[in-house]
């Protein structure tokens with residue numbers, strides 16, 4: 001597959017413990033893991049600490065780069081962010097020990113070593129953090145200002161992503177402080193898990209190749225969020241035109257309404273049905289490439305999303321002969337029932 005730079009298995013230490021920076025594309029989905037996922041990951045970590053397993057696999061990490069220095073995280077941001085939060089919880093625990101006068105010199109050294117290795121550099125004058133991981137536009141300020149700098153975190157006037165980041169940090173801070181009682185064990189905890197948590201890392205050179213990676217993995221049963229890739233592209237068109245905030249808000253609103261309408265239906269299937277109904281038929285494999293060629297302006301982006309929103313109800317109704325959309329149209333109900341009976345669907 002052209003455009004793939006590298007595929008490898010890498011531990012968290014190998015991914016984050018270097019000079020490379022990782023960025024969540026600004027219009028990717030927000031941080032959304034909740035207590036169920038936090039608990040599952042913590043239990044997996046405890047299994048590692050008890051030596052019941054020697055390593056824990058965290059799935060695919062798909063990244064895109066133009067220079068091998070800064071990587072856009074196409075898939076895997078929830079996992080990378082959560083592990084970073086665990087490390088920040090340990091750093092906060094070390095700070096708390098220092099404030100209590102418990103082995104302050106060594107614990108300060110341990111704290112700084114973890115920051116330098118896995119979090120980033122903090123300018124001593126401006127206190128602006130240059131982080132190894134940059135979150136999306138709804139999350140990064142909170143991550144930099146409150147989590148990385150270990151500041152008191154506001155409990156009000158936060159968006160959903162910031163709320164989840166705060167709750168994740170407090171969840172793991174409690175777990176860490178209930179499990180480890182001194183600086184040596186806290187630092188040892190991180191030193192152990194960064195070598196035992198690993199990913200299958202796929203690095204690609206551009207968005208089209210990244211999309212092909214998604215399709216290939218999906219065909220093998222590994223379900224990745226390829227709609228995020230399209231969303232990021234469409235939003236980047238508007239972002240490059242120096243938009244007003246209300247334009248970005250409207251795009252978010254349109255996208256959210258489309259996804260809400262589709263519910264469990266695959267966005268990519270709907271998009272292809274819509275596209276082929278009004279354009280020359282395109283295969284699933286080439287869909288993103290064609291849309292990227294055709295949709296290049298802010299006006300086209302808004303029009304596409306509005307058309308998708310207007311069409312979503314019809315798409316859902318076409319899959320259900322008993323949908324209220326077909327009330328009073330018995331012939332259409334019968335036709336749709338026949339199609340459903342024989343499982344007729346669009347070719348790939």
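Since every read-out is calculated from the coordinates, none of them should be taken as a lab result. The structure displayed is predicted, hence computed values, not measured ones. Cβ placement follows ideal geometry from the backbone for every residue including glycine, while neighbour counts extend to all protein chains displayed.
Couple of notes before you dig in:
- Cα centroid separation - region 95-114 against region 275-289, whole Å: 58
- Note on residue 281 and residue 319: with the Förster distance fixed at 22 Å, the Cβ-Cβ geometry gives a FRET efficiency of about 0.65.
- Cα gyration tensor shape for region 231-307, rounded if a/c is under 1.5, else prolate or oblate: oblate
- GNM flexibility winner over the chain from 45, 248, 74 (Cα, springs under 10 Å): 248
- Residue separation of residue 55 and residue 170 scaled by 0.36 nm, minus their Cα-Cα distance, works out to 38.8 nm of gained length.
- Gyration tensor verdict on region 83-179 (Cα atoms; rounded if a/c is under 1.5, prolate if a/b is larger than b/c, oblate otherwise): oblate
- Within the listed set 245, 145, 327, the Gaussian network model of the chain (springs between alpha-carbon atoms below 10 Å) gives the highest mean-square fluctuation for 327.
- Cα principal axis extents for region 1-122, largest first, Å: 56, 34, 28
- Likely footprinting exposure, 7, 126, 81, fewest C-beta neighbours within 10 Å first: 126, 7, 81
- Cβ-based exposure ranking for 272, 137, 263, in which fewest neighbours within 10 Å come first: 263, 137, 272
- Label-point separation, residue 109 to residue 141 (7 Å along Cα→Cβ), nm: 3.9
- Spin-label proximity, residue 47 to region 174-210 - amide N less than 16 Å from point 7 Å beyond Cα toward beta carbon: 193, 196-199
- Residue order, fewest to most beta carbons within 10 Å, for 293, 211: 293, 211
- Dividing the mean sequence gap of close Cα pairs (under 8 Å, 6+ apart) by how many residues region 95-163 holds gives a relative contact order of 17 percent.
- Residue with peak Gaussian network fluctuation, the chain [Cα springs, cutoff 10 Å], from 210, 168, 113: 113
- Over the chain - Rg/Rh using Cα atoms and the Kirkwood inverse-distance radius: 1.03
- Normalising the average separation of contacting C-alpha pairs (under 8 angstrom, six or more residues apart) by the number of residues puts the relative contact order of region 6-153 at 31 percent.
- Counting DSSP beta bridges with both ends in region 4-202, the antiparallel % (nearest 5): 55
- Tensor-based shape of region 4-202 (alpha-carbon gyration tensor, a/c under 1.5 rounded, otherwise prolate or oblate): rounded
- Fraction of antiparallel bridges per DSSP, the chain only, in percent to nearest 5: 55
- Whole-number percent relative contact order across the chain, with pairs defined as alpha carbons under 8 Å at least 6 apart: 24
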